[in-house]
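Okay, structure first, notes after.
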Amino acid sequence: MRFASLGSGSEGNSWLFECKLGNAPTRLMVDCGFAVKETVSRLERVGVPPAQVDAIVVTHEHGDHISGVFKFSRKFGTPVYLTHGTWRAALRSKLTDIEYLHSGRVVLIESHSPFQIKHLKLHPFPVPHDAAEPVQLLIESLSGFIAGILTDCGSATPHLVGMLNRAHALILESNHCPEMLSNSPYPPSLKKRVGGDYGHLSNQVACEILRSLNSGNLKFVVAAHLSKTTNCPDVVQSMWNAVLQPRGIPFEIACQAEGVDWVTLDPAQLAA
Ligand SMILES: [Zn+2]
Ligand SMILES: [Zn+2]
């Protein structure tokens, strides 16, 4: 399995996972917070024709994750997987309509129940975030490789740390520096929301989560959903380095404009 990001940050997020088992590869998109035209051009950069995306899984209804989902789905016939709460929120904000539920392209998922899309098995788990029914995911290929995603999460819970301990590769939010957030031009209500238990992970909490992952499974990490206003990639680089370098775990930082190019893990490395 390999994965890439089309872009990550408060202006839009989208991840791709590809598993080459079987006759045809399985290509899964997680979230689509870009306009269709933009998504298509970003897909081109990673060499994926839009019609070859098998499904989109939506983590929650915030615009930076859902704004392009239903337009993309209508244009390319892509099935959309989402929780009941996220679907209801999408209806309320008129991103879709009730008829679309009967198009066969909407699959409602339970936030604790695994489901399968071709050769990928998905394990959603609920997260504390200020959305209707947000989930994040483990994505498992039938060869046993597990990638985890955790962004848009205000605080760590024992359940989510337990889930992430299974991951060989992890996409982890490192949204803000608390000091930059408190000195930022944001209104007090937004500062409270972002820094609260249902907001976004700070660099410090991301590092605590990394430290608490002790299964020995983890081989690669991506820092994601960095805020342009309240974070700085150099700070993330040095904080993450201090945690991961002693353990010999490489990492990359996903950016808003370019995302992350394909990351492929050597199966031999997983067995090590
Ligand atoms: Zn977000
Ligand atoms: Zn969000």
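The values are calculated or read from the model by the stated rules, or taken from the named source; none is laboratory data. Source: prediction; values computed, not measured. Here Cβ is always computed from backbone atoms with ideal geometry, including for glycine, and neighbour counts include all displayed protein chains. Heavy atoms of the whole protein, side chains included, go into the accessibility calculation; ligands, DNA and RNA do not. Shrake-Rupley method; radii C 1.70, N 1.55, O 1.52, S 1.80 Å.
Tabulated data
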| item | result |
| --- | --- |
| Residues with amide H under 5 Å from that of residue 107, placed H, sequence gap 5 or more | 80, 81, 82 |
| Pairs from 37/94; 94/228; 121/228 whose Cα-Cα separation, in the structure shown, is over 31 Å | 121/228 |
| Estimated dipole of the chain in Debye, rounded to 20 [Cβ of Lys and Arg +1, of Asp and Glu -1, Cα centre] | 380 |
| Two-decimal Rg to Rh for the range 2-259 - Kirkwood Rh, Cα set | 0.94 |
| Per residue solvent-accessible surface (Å²) - the chain, probe of 1.4 Å | 42 |
| Extension gain (nm, one decimal) between residue 98 and residue 237, 0.36 nm per residue minus Cα-Cα | 45.6 nm |
| Contact order relative to length of the chain, as percent, for alpha carbon pairs under 8 angstrom and 6 or more apart | 19 |
| Mean separation of Cα contacts under 8 Å, 6 or more apart, over the residue count of the range 157-203: relative contact order % | 44 |
| Kirkwood hydrodynamic radius over Cα pairs of the range 77-119, then Stokes diffusion coefficient at 20 °C and 1.002 mPa s, in µm²/s | 193 |
| Sequence-separation-based contact order of the range 91-207, relative, with Cα cut under 8 Å and 6+ spacing, percent | 21 |
| Shape box of the range 16-91 [Cα atoms, principal axes, largest first, Å] | 36, 25, 18 |
| Shape parameters for the range 111-153, alpha-carbon atoms, Rg then Dmax in Å | 11.1, 35 |
| Positive dipole terminus of the chain, leading residue within 84, 163, 250 (C-beta point charges) | 84 |
| Cα-centre dipole for the range 126-272 with unit charges at Cβ (Lys and Arg positive, Asp and Glu negative), debye to 20 | 280 |
